[in-house]
Amino acid sequence: MVGAGPIGMVAALLLAESGVTTTILEKQTEPGDLPRAISLQDESFRTFEQIGVADALKAESLLDTGSRYFGLGDRLLLEARPTASRLGHPAKTQFDQPILERLLWERTLAHPDIEFVRGAEVTGLVQDEDGVTVSAVIDGASEQITASWLIGADGGRSFVRTALGIELEGTTQPQRWIVIDLANEPTVRDPFAEFHGDGQRPFVLVPGVDGRLRLEFMLFDDEDPDAMTTPDAIRDLVVPRFRDHLDPADVRRAAVYVAHQRVARTYRSGRAFLVGDAAHLMPPFAGQGLNAGVRDATNLAWKLAEVCRGRAGDRLLDTYEVERRPHGRSMMVVSRRIGAVVMGTNPVATRLRDATVRALSLIPSVRSFLANMRFITPPDYSAGAVVAPEDAALDGVAVGRALSQPAVRDASEKEGGLDAHLGLGWSLLQIGGDSQPAVSPFWDAIGATRVRVLAPGHAPAAGEVAETTPVLTAGAGPAPTFVLVRPDRYVAAVFGAAGETRVIDTLRTFLTEPSPVA
């Protein structure tokens, strides 16, 4: 692994939790202390829960937030909140990246299956059919590290991507923005990110907890980035519109960025993979950059773990790009479109924008689409490592989509989320029917955790849980329906007893290919 930013550490921890020994090479010697990403989705928290940092991060975050969009004259055009999460975590959260990095860094350092090499500058890499060798300068000495697989998690200026000869496709928007992160904010603000397209100097305001506040302002073509990040220039932007006065010690960061809209031509080259900003760069307006990276890490880690166990090969690994690149690209497009709405300064265009948004908001279906932030579409992996359904279906359970996480009660009367009963690998859920499980030894061969999910009001025994409100069991019939869940909590198959053989035969095309790893 090259790169110990949040995405690299998430990937390493997921691999290590699966029993895969991992080495991370990181140039820095301490966790990052600059607030960059600021928005998290429920799916990211689901992954953080798997690696044990979710609760600590939630305690330092502003949960269940929304977005407000303002037009000319600071008139509110739209207030939006994501549809309530079905994954067991807040749908949208404002967080502080330095806190996340510190939590991940400490956990990575402590994990017995991770070798964390800090102060390592990677200078080269070569690969052959047996593995990848990385050259690095560590403590002033040149060293070489060889591994079976390589993950490039080294950011937007990725050395790994460049060394592999993988080009970025896309554009860079001409508008530059200055981001100012402040501490000790005296004003208590509503839990909404605010996008102000005032037609003069568009800006974004994002509150946090414990007095944290982010302000972002669009710069004009004639403004010099160095001049705009001086203490005087920052004060002029903040005072008096946002504060009566500004203590320089309250400025956590002030930096100018240009929003890129680029995606790697491929996410894989031989034994090397790209994740996070190494694979895609997107404007910040939809808050998808870090979330997309967490999805990358979660998707790739379990597939590499299967290969390292000798249970899979190239066909499964190839589904990483099949599943992740289309969604990463679509989130990049959404981010660009939101930015285009916010960044307008042409008087005619901004008036037309405001009138269009107000007119569309009069249409109930459109208003619901916007107000529930349905333009942030969840991933659909139905073209990847899944089995198309034929003989069974359950309401609210879709192959290729994330499994809902209902609240459940176990045999000890303890209540919590379903994920706690699924383990770290595959899981096979039985919904409805009697207690007879799917019988094939294949499920034991892939290490699947078997769980029978009962409707509310039933008393669960060992290996069973009962929902507190009907979610997965809603609409279940008298015959058992089985739901195969991948290690990344996506639904791989839904089938009845008669369809078990067909599902297993299809899965074997992904899971029984010879592995290049002994």
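The values are calculated or read from the model by the stated rules, or taken from the named source; none is laboratory data. None of these values were measured; they are calculated from a predicted model. Cβ placement follows ideal geometry from the backbone for every residue including glycine, while neighbour counts extend to all protein chains displayed. The protein model used for the area step is the full one, side chains on, heavy atoms only, and it has no ligands, DNA or RNA in it. Shrake-Rupley method; radii C 1.70, N 1.55, O 1.52, S 1.80 Å.
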Checking Gly328, Gly313, Gly287, Gly293 in turn, the sole residue that is modelled with pLDDT of 95 or more and of a type outside the set (D, E, K, R) turns out to be Gly293
Could you list, ordered by first residue, the pairs with Cβ atoms under 9 Å in which the first is in segment 287-312 and closer than 25 Å to Arg337 by Cβ and the second is open to solvent by less than 10 Å² (accessible area, probe 1.4 Å) and among the aromatic types (Phe, Trp, Tyr), at least 6 apart or interchain?
Val294/Phe48; Asp296/Tyr267; Asp296/Phe273; Asp296/Tyr320; Asn299/Tyr320; Asn299/Tyr381; Asn299/Tyr490
If we keep just the residues of segment 229-242 that are in contact with a Leu (Cβ under 8 Å, 6 or more places away or on another chain) and farther than 15 Å from Ile178 by Cα, which is surrounded by the fewest Cβ atoms within 10 Å (Cβ to Cβ)?
Val239
Of (1) β-branched (Val, Ile, Thr); (2) at pLDDT 95 or above; (3) within 14 Å of the chain's Cα centre (by Cα); (4) closer than 23 Å to Pro207 by Cα, Ile38 satisfies every one except (2)
Inspect segment 470-490 for any residue being open to solvent by 20 Å² or more (accessible area, probe 1.4 Å), within 31 Å of the chain's Cα centre (by Cα) and within 25 Å of Ser44 (Cβ to Cβ) and give the result as yes or no.
yes
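Of Ala392, Ala297, Ala301, Ala385, which residue is within 23 Å of Val10 (Cα to Cα), open to solvent by less than 50 Å² (accessible area, probe 1.4 Å) and in contact with a Phe, Trp or Tyr (Cβ under 6 Å, 6 or more places away or on another chain)? Give the steps one after another, and end with the answer.
Details: Ala392 fails: within 23 Å of Val10 (Cα to Cα); Ala297 fails: in contact with a Phe, Trp or Tyr (Cβ under 6 Å, 6 or more places away or on another chain); Ala301 fails: in contact with a Phe, Trp or Tyr (Cβ under 6 Å, 6 or more places away or on another chain).
Unique residue meeting the criteria: Ala385.
Take Glu60 and tell me if it is open to solvent by 20 Å² or more (accessible area, probe 1.4 Å), not in a loop (DSSP other than H, G, I, E, B) and not aliphatic (A, V, I, L, M). Let's see the steps before the verdict.
Values: open to solvent by 20 Å² or more (accessible area, probe 1.4 Å): yes; not in a loop (DSSP other than H, G, I, E, B): no; not aliphatic (A, V, I, L, M): yes.
So Glu60 fails the test.
Out of the residues in segment 342-359 meeting the condition of being surrounded by 14 or more Cβ atoms within 10 Å (Cβ to Cβ) and not in a helix (DSSP H, G or I), tell me which one is nearest to the chain's Cα centre (by Cα). Give the steps one after another, and end with the answer.
First, pick out the residues of segment 342-359 that are surrounded by 14 or more Cβ atoms within 10 Å (Cβ to Cβ): 342-345, 350-351, 353-354, 357.
Those still in the list that are not in a helix (DSSP H, G or I) too: 343-345.
Numbers: Met343: 26, Gly344: 29, Thr345: 32 Å.
Filtering segment 342-359 for residues that are surrounded by 14 or more Cβ atoms within 10 Å (Cβ to Cβ) and not in a helix (DSSP H, G or I), the one nearest to the chain's Cα centre (by Cα) comes out as Met343.
Of all residues in segment 422-466, which are within 23 Å of Gly19 (Cα to Cα), touching an Asp or Glu at 6+ places or on another chain (Cβ under 8 Å) and either acidic (Asp, Glu) or open to solvent by 50 Å² or more (accessible area, probe 1.4 Å) (or both)? Before the answer, list the steps.
Taking segment 422-466 first, the residues within 23 Å of Gly19 (Cα to Cα) are 422-428, 441-451.
Now restrict to residues that are touching an Asp or Glu at 6+ places or on another chain (Cβ under 8 Å): 424, 451.
Result: Leu424, single match.
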